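**Q** Submitted below is the structure of interest, expressed as structure tokens.
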Amino acid sequence: MSPLPDPKDSSRAARKAKAALAHTPSNLVLAWLAVSLPLVLWDAGYVLLRPHSMPGGKYHWLLWAPYELYGKTDYIYGWKAYNEKNGFTAALAFMNLIETAGYFTYLGLLLKFGKHSVAHGRGEPNNPGWLGKQRSLTGEKAACAALVGYSSAILTLAKTMLYWLNEYYSGFENIGHNTLPDLILLWIIPNGAWLVLPAYISYVMGSEIVEGLSITARSANSESDNGKSE
């Protein structure tokens, strides 16, 4: 009868797997977060402070003057939806705050626990410049950062898809009045960015999570096989 595997071997395997895990954010991810997070907070502020942030409101001229045009482009952001007490806009804004908290948690993990290291993740920049000098995470912190970043990106992607699908299944009730050039410039391009970039982040960080799980499984199986052969 083969002896039972030593628990210490499993512990060593887990430590090896943790040491092998690494996460380095790509330049594109960092640039996207630098641009998108302020815009998302700006957007959520407009929605949650309505009607004061809308045309004629006491805060409109201060921060949200561009929304006068956007509210005419997409009625879900204009007076029509507000007067009809359409809750979809505010519900999206609330979800914006949740996903933003997730992204800030991700950045906090990088700043607090990240170190310059030879270990890199799937998102490591090919040509490290100033952005490429950000810190890398290893072990459990790398796994946590990848999971938080992945979850936040999936939330962004799903919420944006819902935003688009709401228009499709309502017969383009809120944007169908636009000319095609205006629709492309003022709605499709800006909102399309919130589909493409979160999809990229989800793919990269999801791949890192799968890779980490595979490393852990291989290490555990290897140690188990060694224990059986002894």
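The values are calculated or read from the model by the stated rules, or taken from the named source; none is laboratory data. Since this is a predicted model, take the numbers as computed values, not measurements. Methodologically, a virtual Cβ is constructed for each residue, glycine included, from the backbone with ideal geometry; neighbour enumeration extends over all protein chains shown.
**Q** If we keep just the residues of the range 127-176 that are more than 18 Å from Asn27 (Cβ to Cβ) and basic (Lys, Arg), which is modelled with the highest pLDDT?
**A** The residue in question is Lys159.
**Q** Moving to a separate point now. If only one of Leu111, Leu97, Leu92, Leu49 is crowded, with 17+ Cβ neighbours inside 10 Å and under 29 Å from Glu208 (Cβ atoms), which one is it?
**A** On the way: Leu111 fails: crowded, with 17+ Cβ neighbours inside 10 Å; Leu97 fails: crowded, with 17+ Cβ neighbours inside 10 Å; Leu49 fails: under 29 Å from Glu208 (Cβ atoms).
Testing whether each residue is crowded, with 17+ Cβ neighbours inside 10 Å and under 29 Å from Glu208 (Cβ atoms) leaves just Leu92.
**Q** Also, quick follow-up: Within the set of pairs 6+ apart or on separate chains, which have a first residue in the range 32-56 that is within 14 Å of Ala81 (Cα to Cα), a second that is β-branched (Val, Ile, Thr) and modelled with pLDDT of 95 or more, and C-beta atoms under 8 Å apart?
**A** Short answer, once both residue conditions are applied: Val47/Thr89.
**Q** For Pro5, only one of the following conditions fails: (1) modelled with pLDDT of 95 or more; (2) in a loop (DSSP other than H, G, I, E, B); (3) touching a Lys or Arg at 6+ places or on another chain (Cβ under 8 Å). What is its number?
**A** Checking Pro5 against (1) modelled with pLDDT of 95 or more; (2) in a loop (DSSP other than H, G, I, E, B); (3) touching a Lys or Arg at 6+ places or on another chain (Cβ under 8 Å), the one that fails is (1).
**Q** OK, next. May I ask you to list the residues in the range 153-186 that are surrounded by 13 or more Cβ atoms within 10 Å (Cβ to Cβ) and more than 15 Å from Thr73 (Cα to Cα)?
**A** Across the range 153-186, the qualifying residues are Ala153, Ile154, Leu155, Thr156, Leu157, Ala158, Lys159, Thr160, Met161, Leu162, Asn166, Ser170.
**Q** Still on this structure, please answer the following. If the requirement is being farther than 30 Å from Gly212 by Cα, modelled with pLDDT of 90 or more and in a loop (DSSP other than H, G, I, E, B), which of these qualifies: Lys80, Lys85, Lys72? Before the answer, list the steps.
**A** Numbers: Lys80 fails: in a loop (DSSP other than H, G, I, E, B); Lys72 fails: in a loop (DSSP other than H, G, I, E, B).
Selected residue: Lys85, the only one of Lys80, Lys85, Lys72 that is farther than 30 Å from Gly212 by Cα, modelled with pLDDT of 90 or more and in a loop (DSSP other than H, G, I, E, B).
**Q** Any idea which residue in the range 57-77 is surrounded by the fewest Cβ atoms within 10 Å (Cβ to Cβ), counting only those that are under 17 Å from Pro190 (Cα atoms) and without any contact (Cβ under 8 Å) to a residue 40 or more places away in the chain?
**A** By that ranking, first place goes to Pro66.
**Q** List the residue pairs whose Cβ atoms are under 9 Å apart, where the first residue sits in the range 89-109 and is closer than 18 Å to Leu49 by Cα and free of Cβ contacts under 8 Å to residues at least 60 places away in the same chain, the second is surrounded by 18 or more Cβ atoms within 10 Å (Cβ to Cβ) and among the hydroxyl-bearing types (Ser, Thr, Tyr), and the two are 6 or more positions apart or on different chains.
**A** Listed by first residue and then by second, the contacts come to Thr89/Tyr77; Thr89/Tyr82; Ala93/Tyr46; Ile98/Ser152.
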